[in-house]
């Protein structure tokens, strides 16, 4: 049996840009992608804390250290600059493997979207 489990989560970052005239995706600071164990092009779910919107898109790596979180294309209609979002990815795995799986969850500074020491 296969189950879908939480793989990675960027908990509460602030949208810095929304660019409607683009083919689609979410641009995320490359440092955050690495820390959260997310790949460029990976499918993610985005949950908007401010308005309750939920949607799926894929990741694009932004400049390291920039703090960028930019919604591109139609997703730009789901958020506005300043909204706080949670970015989640899931992985399908064997039931027995899932029992021992530990997701990667990061908690960046919401004001700067940069990693902080915990």
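In the chain, helical runs assigned H by DSSP with n ≥ 4 each contribute -39500 (n - 2.57); averaged across all residues and rounded to the nearest 500, the mean residue ellipticity at 222 nm is -1500 deg cm²/dmol.
Comparing 62, 52, 24 in a Gaussian network model of the chain (Cα springs below 10 Å), the most mobile by mean-square fluctuation is 52.
Just the number, please: percent antiparallel of the DSSP beta bridges in region 2-106, rounded to the nearest 5. So the antiparallel bridges amount to about 70 percent of the total.
Taken as Cα centroids, region 1-16 and region 91-114 sit 6 Å apart, rounded to the nearest whole angstrom. Sorting 109, 29 from the fewest to the most surrounding beta carbons within 10 angstrom yields 109, 29. Looking only at 102, 12, 43, which one moves most when the chain is put into a Gaussian network model with springs between Cα atoms under 10 Å? Among 102, 12, 43, the largest mean-square fluctuation in the Gaussian network model of the chain belongs to 102. Normalising the average separation of contacting C-alpha pairs (under 8 angstrom, six or more residues apart) by the number of residues puts the relative contact order of the chain at 45 percent. Each of residue 81 and residue 93 was given a label point 7 Å from its Cα along the Cα-to-Cβ line. The distance between the two points is 3.9 nm.
Look at the Cα gyration tensor of the chain: its axes a ≥ b ≥ c give a/c of at least 1.5 with a/b over b/c, and that counts as prolate.
For region 1-59, the pair-distance distribution built from all alpha carbon pairs, in bins 5 Å wide starting at 0, is 4, 14, 26, 29, 17, 7, 3, 1, 0 percent.
Values in this text are rule-based calculations from the coordinates and carry no lab data. As the structure is a prediction and not an experimental result, all values here were calculated from the model. Note that each Cβ is placed from the backbone with ideal geometry, even for glycine, and that neighbours are counted across all protein chains shown.
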